[in-house]
Amino acid sequence: MTPAEFKTVRESLNLSAKDVADRLGLKSDRTIRFWESGGRGIPDDAAELLIDMDTVVEHAILHAVEAVEETIAEIGQPPAKPVTISRYVSDEQFARLDPESFSLRHT
């Protein structure tokens, strides 16, 4: 994985360099920024972590889209309002940004 690919995947996952550093057990996000600048090759375990996380998110999104499509097929008509699928990095972010939906999920 190139430094540009690493950064692109990290950002698409809405993760900061610190988030990735923490998940890899690194002391500082400076290492992540160094890798992304091309200062050193991306270690395989770091690349695999991001690829695995990206795959999990992709599968979750596909599952959500399929569920919406099945519901539309069952109802027999499209929804009255557009359907929005949101993804949050953590439960803390979910609770902060959409407390109403978070409370429904956790009741």
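Side notes on the structure shown:
- Taking first residues from the range 81-94 that are over 20 Å from residue 54 (Cα atoms) and partners that are among the aliphatic types (A, V, I, L, M), the Cβ contacts under 7 Å between residues at least 6 apart in sequence or on separate chains come to 83/68.
- Pairs linking a residue in the range 2-19 that is of a type in the set (Val, Ile, Thr) to a residue that is surrounded by fewer than 16 Cβ atoms within 10 Å (Cβ to Cβ) and part of a helix (DSSP H, G or I), with Cβ atoms under 7 Å and 6 or more positions apart or on different chains, are 9/54.
- No other residue among 92, 66, 5 is charged (D, E, K, R), at pLDDT 90 or above, exposed (fewer than 12 other Cβ atoms within 10 Å of the Cβ) and assigned to a helix (DSSP H, G or I) apart from 66.
- Residues considered: 61, 32, 72. Of these, the only one that is at pLDDT 95 or above, surrounded by 11 or more Cβ atoms within 10 Å (Cβ to Cβ) and either out of contact with any His (no Cβ under 8 Å at 6 or more places or on another chain) or not in a helix (DSSP H, G or I) (or both) is 32.
- Scope the range 35-50; condition surrounded by 13 or more Cβ atoms within 10 Å (Cβ to Cβ) and in contact (Cβ under 8 Å) with a residue 12 or more places away in the chain; matching residues: 35, 36, 42, 46, 47, 49, 50
- Checking each residue in the range 8-29 for being in a loop (DSSP other than H, G, I, E, B) and acidic (Asp, Glu) picks out only 29.
- Residues being closer than 24 Å to residue 93 by Cα and in contact with a helix residue (DSSP H, G or I) (Cβ under 8 Å, 6 or more places away or on another chain) - total across the range 31-52: 6
- Residues in the range 35-56 that are of a type in the set (A, V, I, L, M, F, W, C) and modelled with pLDDT under 90: there are none.
- Looking across the range 8-29 at every residue that is under 14 Å from the mean Cα position of the chain (by Cα) and of a type outside the set (A, V, I, L, M, F, W, C), the one that is surrounded by the most Cβ atoms within 10 Å (Cβ to Cβ) is identified as 10.
The values are calculated or read from the model by the stated rules, or taken from the named source; none is laboratory data. Everything numeric in this text was worked out from a predicted model, so none of it was measured. As a convention, Cβ positions derive from the backbone with ideal geometry for all residues, glycine included, and neighbour counts pool all protein chains shown.
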